[in-house]
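These notes are about the structure you will find just below.
The values are calculated or read from the model by the stated rules, or taken from the named source; none is laboratory data. Remember, it's a predicted structure, so these values are computed and weren't measured experimentally. When we count neighbours, we look across all protein chains shown, and the Cβ atoms used for this are built from the backbone with ideal geometry, even at glycine. Surface accessibility is based on the protein's heavy atoms, side chains included, excluding ligands, DNA and RNA. Shrake-Rupley method; radii C 1.70, N 1.55, O 1.52, S 1.80 Å.
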Amino acid sequence: MLAYYHLETLLPRLFAFLIAMTLHDTAHAGVAWWLGDRTARDSKRFSLNPLAHLDALGLAMIIFGPYGWSKKMPIDADRFPKHKKLSHTLVYLAGPLTNLVLVLFFWWLYFYLPTFLGAASESIVVEQWRVYLQYCVI
């Protein structure tokens, strides 16, 4: 049986999950707000605070399993003033596109981290941050 719970990877997995979940959900809420739906903002979900997006079972699955999730984003397609189906599609594409941008950013940062830290690529600090960045890419 494959066990996903490893204490040494718990912090990097939580770090990556909280960043990805927060920005993913905020992107959904931001695009919805931009297109005219204020439902997510009114329910305090248009936020960079990870606590606004956490789902207890989704968080437990990140800790004990291979994946997790956040609360469902409240979107009301009837509040889009025009092109309701296109607007709804754009709102739901915003999250995965944000994840794609995050993957590219963290992948880039993984390779250029020694330059930013002014350290050798074999240093312990760089290697520890690279573990976190690997989980951000995954």
Open item on the list: Calculate the FRET efficiency for Gln128 and Asp76 from the Cβ-Cβ distance with a Förster distance of 35 Å, rounded to the nearest 0.05.
Closed with: 0.20
Task: Relative counts (whole %) of C-alpha pair distances in the range 25-84, using bins that are 10 Å wide - done: 24, 43, 24, 9, 0
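Hey, any idea what % of the range 24-119's accessible area is carbon plus sulfur with a 1.4 Å probe?
Working: 4200 of 6030 Å².
Solvent-exposed carbon and sulfur of the range 24-119 make up 70 percent of the total.
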Task: Mean Kyte hydropathy of 1.6 or more with a Cα span along the axis of at least 30 Å, helices from DSSP in the chain - done: none
TODO: Could you list the residues of the range 68-110 with an amide nitrogen less than 12 Å from a label point located 7 Å from the Cα of Asp42 in the Cα-to-C-beta direction?
DONE: 75-80
Open item on the list: List the trypsin sites (Lys or Arg not before Pro) within the range 1-55 that DSSP assigns to loop and that have no more than 15 neighbouring Cβ atoms inside 10 Å.
Closed with: Arg38, Lys44
Open item on the list: Less than 15 Å apart at the alpha-carbon level, and either on another chain or at least 8 residues along: which aspartates and glutamates does that give for Lys82?
Closed with: Asp37
Open item on the list: Using a Debye calculation, one point per C-alpha and no hydration shell, please list log10 I(q)/I(0) for the range 67-138 at q = 0.13, 0.28 Å⁻¹ in order.
Closed with: -0.57, -1.19
Task: Taking N as its residue count, the alpha carbon Rg of the chain over 2.2 N^0.38 Å - done: 1.22
Open item on the list: Report the gain in length on full extension from Tyr92 to Phe111: 0.36 nm times residue separation, minus Cα-Cα distance, nm rounded to one decimal.
Closed with: 3.8 nm
Task: Label-point separation in nm, Leu10 to Phe64, each point 7 Å along Cα→Cβ - done: 1.3
Task: Accessible area of the chain divided out per residue, in Å², using a probe of 1.4 angstrom - done: 64
